[in-house]
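Derivation of every value follows stated rules applied to the coordinates shown; laboratory data play no part. Predicted model, so just to flag it, every value in this text is computed and none were measured. Here the Cβ positions follow ideal geometry from the backbone for every residue, glycine too, while neighbour counts run over all protein chains shown.
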Protein chains: 2
Amino acid sequence: MNREGLLIVVSGPSGAGKGTICKELLNKNKEIKISVSATTRNPREGEVDGVNYFFISKEKFENMIEQEEFLEYARVYDNFYGTPKKAVLDTLSEGRDVLLEIDIQGAMQVKEKYPKGVFIFILPPSLKELKDRIVKRGTETEEDISKRFGCAISEIEKIENYDYFIINKDVERAVYELQSIISSEKNKVARYKENIIKQFKEEL
Amino acid sequence: MNREGLLIVVSGPSGAGKGTICKELLNKNKEIKISVSATTRNPREGEVDGVNYFFISKEKFENMIEQEEFLEYARVYDNFYGTPKKAVLDTLSEGRDVLLEIDIQGAMQVKEKYPKGVFIFILPPSLKELKDRIVKRGTETEEDISKRFGCAISEIEKIENYDYFIINKDVERAVYELQSIISSEKNKVARYKENIIKQFKEEL
């Protein structure tokens, strides 16, 4: 049976650990493709065009926005970041799954453009744990930490727009749950009903 | 977080192999409880009351039907078979999952009474394979086989009432998919949203 690939959207508040979970998932599942973002910022040392990002000009980016060529995009200070639609859709139609690790605002844009995606919200085990993790990073001022923490609380209320949640207490466990979600989505009647009935009818 | 157990309803046409899959699932997951049916037929040698079946009188069974104490029931020739509701619901409220292996008509009755259940349809790899399996059992006349096979085709069309399908080509694989479905259902936002938000709000 031909099955279209899944767009797996992993999202959640900063500090919940979505990056670690996604990295582990990709390590264990070489067949899942990660979506490469486009950006207008300059490449940093060691970054490769088409691998870390597609580095494009601001003019090109704005043109792509106009042509609705992004699944989602955002402006962060002076730079744009976005997920080019075509590359994702092409991979999905080849039957390969695509992973998108993205913040909550981005995920909500993707949901609007591609509701068939699987939307997964990564949660910290507790708010205390989330704060500790943000502090531990040590990259931010106290004010930034408070701000980020305040955001996290209001972000958690966005969970109702998601299909699944994963409480990231233990990375191994979280990755297992993520793999189970991906597997189970491939068994959904609502997703593949027509293919199944067609397959059996062809035999008659 | 307190999570209510899942009612896992495994169903599908005769010969698709649901019995083998359920047996393997239970072997690997001792914490899943199997639902014990009630019946009015006499115990066969070695059958234990409360283990294989609850053996009850016809009068009692009819009384339970009247009191709506069954999740589903059916009359097969002169005997009644049914799934007592109370035992199932009690186990679920303890947070334990309950497995129900059942035919399609029964599953549809359960869905009406307990729509929160997870409804899984086991499919054979092909209609040819299904026929071969029914023939191989060798317990039925040619007429029975034809009849059973005819039923299977119309039963497959009932798949749209189910949440998931599993193509039983390889038992190990099918059990993995079933386990993934069970795992992923425990990560569903729609199922546990209130519990999650409550948990985080309690911390504030």
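What the table below lists for this structure:
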{"read-out": "Fewest-first sequence of A:D132, A:D78, A:D163 by Cβ atoms within 10 Å of each Cβ", "value": "A:D78, A:D132, A:D163"}
{"read-out": "Calculated SAXS-style log₁₀ I(q)/I(0) at q = 0.17, 0.18, 0.31 Å⁻¹ - segment A:124-177, Debye, Cα scatterers", "value": "-0.64, -0.70, -1.17"}
{"read-out": "Candidates A:I122, A:I34, A:I56, ranked by Gaussian network fluctuation over chain A, Cα under 10 Å, top entry", "value": "A:I56"}
{"read-out": "Charge-dipole axis of chain B as Lys and Arg at +1 and Asp and Glu at -1 on Cβ define it, positive-most pick from B:L127, B:A74, B:V189", "value": "B:V189"}
{"read-out": "Under-5 Å amide H pairs with A:Y53, H placed in peptide plane, nonlocal only", "value": "A:V48"}
{"read-out": "Label 7 Å beyond Cα on the Cβ vector: B:E59 copy-to-copy distances, nm", "value": "9.4"}
{"read-out": "Label point 7 Å beyond Cα along the C-beta direction, distances from B:E157 to other copies (nm, shortest first)", "value": "4.9"}
{"read-out": "For B:L71, distant residues with modelled amide H under 5 Å away", "value": "B:T83, B:K85"}
{"read-out": "Order of B:V48, B:V36, A:V110 under a 10 Å beta carbon neighbour criterion, fewest first", "value": "B:V48, B:V36, A:V110"}
{"read-out": "Per-residue HN-Hα couplings for segment A:191-203 [Karplus 6.51, -1.76, 1.60; θ = phi - 60°; Hz; x = Gly/Pro]", "value": "7, 10, 3, 4, 4, 5, 4, 4, 4, 6, 5, 4, 7"}
{"read-out": "Longest DSSP-loop-exposure-free segment, trypsin sites (Lys or Arg not before Pro), chain A, at most 13 other Cβ within 10 Å", "value": "A:45-115"}
{"read-out": "Two-decimal Rg/Rh across segment A:36-95, once Rg and the Kirkwood Rh are taken from alpha-carbon atoms", "value": "0.99"}
{"read-out": "Tilt relative to chain A, helix A:18-28 - C-alpha long axis, 0 to 90 degrees, to 10", "value": "40"}
{"read-out": "Distant-in-sequence amide H partners of A:R41 (H built 1.01 Å from N, under 5 Å)", "value": "A:F80"}
{"read-out": "For chain A, size of Cβ-based charge dipole, Lys and Arg +1, Asp and Glu -1, in debye", "value": "460"}
{"read-out": "Between helix A:171-185 and chain A: long-axis angle, C-alpha atoms, 0 to 90°, nearest 10", "value": "30"}
{"read-out": "Most mobile listed residue (A:Q109, A:Q179, A:Q67) in chain A, GNM with C-alpha springs under 10 Å", "value": "A:Q67"}
{"read-out": "Per-residue mean of C-beta atoms belonging to partner chains within 10 Å, peptide B:187-193", "value": "6"}
{"read-out": "Part-to-part distance (alpha-carbon centres) for segment B:95-138 and segment A:44-89, which is given in Å", "value": "47"}
{"read-out": "Å³ per residue enclosed by the Cα convex hull of chain A", "value": "142"}
{"read-out": "Residue-averaged [θ]222 nm for chain B, counting only DSSP H segments that reach four residues, each worth -39500 (n - 2.57)", "value": "-14500 deg cm²/dmol"}
{"read-out": "Quarter of Cα convex hull surface for the protein assembly as shown, i.e. mean projection, nm²", "value": "24.2"}
{"read-out": "Debye, to nearest 20: dipole size of segment A:106-204, +1 on Lys, Arg Cβ, -1 on Asp, Glu Cβ", "value": "260"}
{"read-out": "Sequence of B:T40, B:T139 once ranked by neighbouring C-beta atoms within 10 Å, starting from the fewest", "value": "B:T139, B:T40"}
{"read-out": "Using alpha-carbon coordinates, inclination of helix A:142-156 to the longest axis of chain A, degrees", "value": "30"}
{"read-out": "Teacher prompt: B:P115 distances to equivalent labels in other copies, 7 Å Cα→Cβ, nm", "value": "1.8"}
{"read-out": "B:K116 paired with B:D90, simple spin-label distance in nm, labels 7 Å along Cα-to-beta-carbon", "value": "1.8"}
